[in-house]
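Asks: Attaching a single structure in structure tokens format; questions to follow.
Rule-based calculations on the coordinates, nothing more; no lab input. Here the structure is a predicted model, which is why all the values come from computation and not from measurement.
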Amino acid sequence: MRKILLIFGLAVSFLACQDEERQEVLNATNEKETEQDSIQVLTGDFIYVSDEAVFRGENFVYGVTIDSLAEVLAKQTAAYKKEDFDVVSVKIKGKIVPNSSRNNWDENIEIQEIIDILEDKKTSENNSEEENEK
């Protein structure tokens, strides 16, 4: 009888260990899926002044991680700006990350892809009027 209980106990403990390993594998898979979902498509106003940039939407404000894509976006939006402090509406894919410097914003956005520059109607109308006056 003791042998049967011992064998039964070992079998139960062996099966329990397998379930823990399965749970670890499932949890690791869920974490990877969450990381992939962290890249979002966002629409908002972009402003770049000297070496700082901000991306602001209806419900959020993020600092922008300055990298090559941020500089490309700054160059593309410069054509739509009349003054240095004008904002330009853009649509981007980005990853929200904690701000490591903690100087201004709690979170930064790392631009992954520039989808579109949504030209502000006021800016385009003003530019058209100026051209017509010339």
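Asks: What ³J(HN,Hα) values, in whole Hz, does the Karplus curve 6.51 cos²θ - 1.76 cosθ + 1.60 give for the range 105-113 when θ = phi - 60°, with x put for Gly and Pro?
Replies: Per residue, the Karplus-derived 3J(HN,Hα) values read 10, 5, 10, 10, 10, 9, 6, 9, 7 Hz.
Asks: Can you give me the long-range amide H partners of ASN99? Hydrogens built in the peptide plane at 1.01 Å from N, cutoff under 5 Å, separation of 5 or more residues or another chain.
Replies: Amide H neighbours of ASN99: GLU107, ASN108.
Asks: Related question: Taking θ = phi - 60°, what integer Hz values does the Karplus form 6.51 cos²θ - 1.76 cosθ + 1.60 yield along the range 92-101, in sequence order, with x for Gly and Pro?
Replies: Residue by residue, the range 92-101 yields 9, 9, x, 10, 7, 10, x, 7, 6, 7 Hz.
Asks: Applying the Karplus parametrisation 6.51 cos²θ - 1.76 cosθ + 1.60 with θ = phi - 60° to the phi angles of the range 54-68, what ³J(HN,Hα) value in whole Hz is obtained for each residue in order, glycine and proline being reported as x?
Replies: Residue by residue, the range 54-68 yields 9, 10, 10, x, 5, 10, 8, 9, 10, x, 10, 5, 7, 9, 5 Hz.
Asks: Using 0.36 nm times the number of residues separating MET1 and ILE66, minus their current alpha carbon distance, what extension gain do you get?
Replies: Stretched out fully, the MET1 to ILE66 stretch lengthens by 16.3 nm.
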